[in-house]
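Take a look at the structure below.
Derivation of every value follows stated rules applied to the coordinates shown; laboratory data play no part. Predicted, not measured: the structure shown is a model, and the values here were computed from it. Counting neighbours? That spans all protein chains shown, and the Cβs are built from the backbone with ideal geometry, glycine included.
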2 protein chains.
Amino acid sequence: MKIGDGVEWAIHCCAALAGLPGDGSLPAAKLAELHGVPAAYLAKHLQALAAAGIVQALPGRRGGYRLARPAEELTLLEIVTAVEGDEPAFRCTEIRRRGPCKGLPASLFPAPCAIASAMARAEAAWRRELQATSVADLVRHVERHVDPRVRRRVGDWLDSALS
Amino acid sequence: MKIGDGVEWAIHCCAALAGLPGDGSLPAAKLAELHGVPAAYLAKHLQALAAAGIVQALPGRRGGYRLARPAEELTLLEIVTAVEGDEPAFRCTEIRRRGPCKGLPASLFPAPCAIASAMARAEAAWRRELQATSVADLVRHVERHVDPRVRRRVGDWLDSALS
DNA sequence: GTCCCTATACTCGGATAGCAAGTGTCCGAGTATAGGCGG
DNA sequence: CCGCCTATACTCGGACACTTGCTATCCGAGTATAGGGAC
């Protein structure tokens with residue numbers, strides 16, 4: 001089980017966009033430079049975020065990306081789902097119907113497999129926890145717990161990038 | 001994010017072994033036939049279960065696998081961890097230190113990244129839920145909610161396999 | 001009849017190919033901007 | 001001086017290679033069993 005790097009990049013990008021002043025936007029190349037990741041590949045994930053309605057792509061010269069909705073309403077679950085897909089990690093292949101039970105009518109297996117149910121419960125708990133954190137929470141955490149010198153460094157870089 | 005098929009097979013195998021009478025054992029080939037999966041590949045995952053101390057491999061002619069511990073003490077989390085590995089799905093690559101913050105001393109980043117913390121909380125909730133279900137729970141569920149005709153079919157097959 | 005020995009057949013275990021999905025990259029379509037031109 | 005037009009430069013969007021890890025398979029090492037033979 002492995003979560004792709006794109007998820008981490010996407011969340012960091014959303015947090016950065018949420019920290020921009022006013023309705024400022026940032027192009028993919030700048031977001032990649034800010035996080036030190038390949039620009040072309042990050043663009044791929046930003047497309048996924050745009051398709052999911054999380055960020056808004058502004059075309060043209062001075063274009064870029066900005067959050068499509070307030071950071072307060074944007075949960076980590078939405079970002080993870082947009083990048084990784086919405087199908088569950090565990091997929092029951094109904095192996096209980098294979099082997100000696102092959103050929104038995106499907107009506108004999110009404111309830112879902114107990115294993116699939118348990119795994120689904122676990123994933124639901126995982127999603128619930130991700131939904132409890134919003135991008136605004138991340139921004140607040142940065143404002144409170146990140147060293148001022150780091151914030152200053154990032155702020156200066158953003159000023160030069162936005163000009 | 002995707003969980004390999006081997007996890008589903010491993011849990012089904014543990015449930016089947018837990019349902020065996022007395023200290024009976026079942027070889028990998030029979031477990032594969034019972035579940036309709038490739039025997040050689042299932043053997044690979046059974047090795048992982050044996051290495052983790054979940055099942056016990058009995059060598060020799062009449063050998064096979066049996067549970068190494070009581071089904072009541074065996075949780076789904078242990079099985080999933082044994083097959084998929086114990087490293088977390090989300091791994092923070094510390095991209096906050098790259099880009100314009102590159103070169104800043106590491107002492108400026110004492111607390112873990114808020115994103116990594118949130119993802120870790122979600123995974124902890126996932127593990128907690130998996131730990132709440134034991135293999136014995138699965139067996140009980142089968143005894144209560146699975147159609148008697150299905151249980152009969154599997155029981156007959158097991159009798160012929162154990163002889 | 002009992003014990004021992006040997007050959008066998010079956011088991012697990014690790015080392016070896018194949019494939020799919022994630023990873024990384026590129027170039028083309030489209031648009032807001034900046035400058036130049038005409039009025 | 002003001003408005004319009006055009007060329008430009010920058011943006012996003014989708015199509016194209018590559019690498020890692022999961023999927024699938026095989027053959028060799030080891031052992032309990034079954035049978036036969038000697039006592």
(request) Give the shape of the protein assembly as shown as rounded, prolate or oblate, defined through the alpha-carbon gyration tensor: a ≥ b ≥ c are the square roots of its eigenvalues, a/c under 1.5 means rounded, and otherwise the shape is prolate if a/b is larger than b/c and oblate if not. (result) prolate
(message) Nearest 10 degrees is fine. How inclined is helix B:148-162 to the longest principal axis of chain B, computing both from alpha carbons?
(response) 80 degrees
(request) Report, for B:GLY4, each distance to the same residue's label point in the other copies, shortest first and in nm; define the point 7 Å along Cα→Cβ. (result) 2.0
(request) Might you report the magnitude of the Cβ-based charge dipole of the protein assembly as shown about its Cα centre, with Lys and Arg at +1 and Asp and Glu at -1, to the nearest 20 debye? (result) 360 debye
(message) Explain nothing, just the number: dipole magnitude of the stretch B:1-70 about its Cα centre with +1 on each Lys and Arg Cβ and -1 on each Asp and Glu Cβ, in debye rounded to the nearest 20.
(response) 180 debye
(request) Measure nothing but the geometry: give the 0 to 90° angle between the long axis through the Cα atoms of B:114-131 and the longest principal axis through the Cα atoms of chain B, rounded to 10°. (result) 20 degrees
(message) Under 22 Å between alpha carbons, and skipping anything fewer than 8 positions from B:LYS2 in its own chain: which lysines qualify?
(response) A:LYS2, A:LYS44, B:LYS44
(request) Let me know the volume per residue of the alpha-carbon convex hull for the stretch A:1-134, in Å³. (result) 145 Å³
(request) Arrange the following residues from fewest to most other Cβ atoms within 10 Å of their Cβ: B:PHE109, B:PHE90. (result) B:PHE109, B:PHE90
(request) Would you mind pulling out the separation of the Cα centroids of the stretch B:95-163 and the stretch B:29-63, in Å? (result) 21 Å
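Ranked highest first by the average count of other Cβ atoms within 10 Å around their residues, in what order do A:7-14, B:115-122 fall?
A:7-14, B:115-122
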(request) Along Cα-to-Cβ, 7 Å out, sits the label point; list in nm, shortest first, how far the one on A:ALA111 is from those in the other copies. (result) 4.5
(message) How far, in nm to one decimal, is B:GLU73 from itself in the other copies if the label point is set 7 angstrom along Cα toward Cβ? Shortest first, please.
(response) 5.3
(message) Below 8 Å, C-alpha to C-alpha, sequence gap of six or more: please give me the relative contact order for the stretch A:1-115 in percent.
(response) 26 percent
(request) Would you mind checking the tilt of helix A:39-51 against the longest principal axis of the Cα atoms of chain A, expressed as 0 to 90 degrees and rounded to 10? (result) 70 degrees
(request) State to the nearest 20 debye the size of the charge dipole of the stretch B:12-163 about its Cα centre, where the only charges are +1 on K and R beta carbons and -1 on D and E beta carbons. (result) 380 debye
(message) I want to check the label-to-label distance for B:THR93 and B:ASP159. Put each point 7 Å from Cα in the C-beta direction and report it in nm to one decimal.
(response) 5.8 nm
(message) Need the list of lysines near A:LYS102 for cross-linking: C-alpha distance under 24 angstrom, and skip anything on the same chain fewer than eight residues off.
(response) B:LYS30
